[in-house]
Structure formats: structure tokens, C-alpha cells
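As C-alpha cells, the structure follows; a few thoughts come after it.
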Amino acid sequence: MAGECTASSPGSAEMMTMEEFYRLLHISKRRAAWILQAGLVPCEDRGSRTWRYRIPRQEALAFQKKFQAHPERYSPPLGSFSYTAGKQKRPVFRVRREELTAALAVRWSALPELLDSAGISACTGYARSTVSGWVRTGRLPACRLRGRIAVAKCDLIAFLVRAGLVIPGGFTKAQKHDLPPV
């Protein structure tokens, strides 16, 4: 009797478990659970954590034929298995580099030609430490003037456009700087 299955055991001849069901269909456990919960295959839901579903073997084999013929009919709604189902992605704005360069040159025309880290921080919205990091790593060209960094406005614009960084007010990090729109 070691190799036989009784009628009450999970692997009985007339009943099948969800584990056998998803292996039969070559699908994931989650998709198999969705099919059973949606009522696409008649089954007994015991409500327990293990061996929860009992499926009649004939029903499972009949469903297998339908599933193999049209697997797209038995697909769950998009996003139902992902954690980002209700999350909307932020729209990405595509601005050409030439247009962005021209718009920043117009917007910052009143600024002096040489800016220190405080001036760059005020017009871009990035922290002074971030600006200093750009200079220190050589990403933003600068020179020392009276012990402070000095960056040419045209170099700053070229760096921001080249790096694809976000700049305040339409091209910005935040509207909190009260910069007039371009």
C-alpha cells in the first residue's frame, strides 16, 4: 500500500491539487491560483494555507485542452501580479538640446557670467554640496577665484543640457524657486 493513493490524499486518482494543476499546464503558481479563484476551472476551495484547492482530474484535463488551444483567453488582466498595478509613471518630456540651451540662456540672461556654488544652487535648485561634487569630480568645468569656485554661465548650461539634469521651472527640479516660466 506504500505506492497507492487514498481518496482523501492530495494526489488521489480523481482529484488533483493546485501543485499538480500548474505543473500540468506549465504555468506559475500565481497564475494557477488566479485561474482557480476566477472560477475558470470548477474546484473545491478548502480555505487552508496548504493543499487549498482540490480540482477534479477530468475538469483539469478538459481545461488543459482549452488552455493549450487559446492560452491568451486565460490570461489575468495586465498589472494584476505586479506591485506597480495602480502606479502611474511620470511623463517624460522630450526637449531638444538646442531648444533647452537657448531657453536657459534667455532665462539666465540677467545672471552674471561667472557664478559661484551659491549662485548655481539658487538658479538650478541643486544643493551647494551637489554643485561642489560636480566640480570636484571634474564633470563641471570651474576655476578658483578668491578661494571660491567660479563657473562660467555657458559651461553650466552646457553641463546641464549634456547631463540631462532637471532644472527649475518647466525644465526644473521644483517650482519652489518662483522663477518666471520660459
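Taking the conditions exactly as written (among the aliphatic types (A, V, I, L, M) and either at pLDDT below 90 or in contact with a Phe, Trp or Tyr (Cβ under 7 Å, 6 or more places away or on another chain) (or both)), does ALA110 satisfy them or not?
On the way: among the aliphatic types (A, V, I, L, M): yes; either at pLDDT below 90 or in contact with a Phe, Trp or Tyr (Cβ under 7 Å, 6 or more places away or on another chain) (or both): no.
Criteria not met by ALA110.
Across the range 108-134, what is the total count of residues that are surrounded by 14 or more Cβ atoms within 10 Å (Cβ to Cβ), farther than 17 Å from ALA163 by Cα and not acidic (Asp, Glu)?
Matching residues across the range 108-134 total 8.
Are any residues in the range 72-98 surrounded by 12 or more Cβ atoms within 10 Å (Cβ to Cβ) and either of a type in the set (A, V, I, L, M, F, W, C) or modelled with pLDDT of 85 or more (or both), and if so, which ones?
Correct list: PHE81, VAL95.
The values are calculated or read from the model by the stated rules, or taken from the named source; none is laboratory data. These numbers were taken from a predicted model, which means no experiment stands behind them. Heads up, the Cβs are rebuilt from the backbone with ideal geometry, glycines too, and the neighbour counts pull from every protein chain shown.
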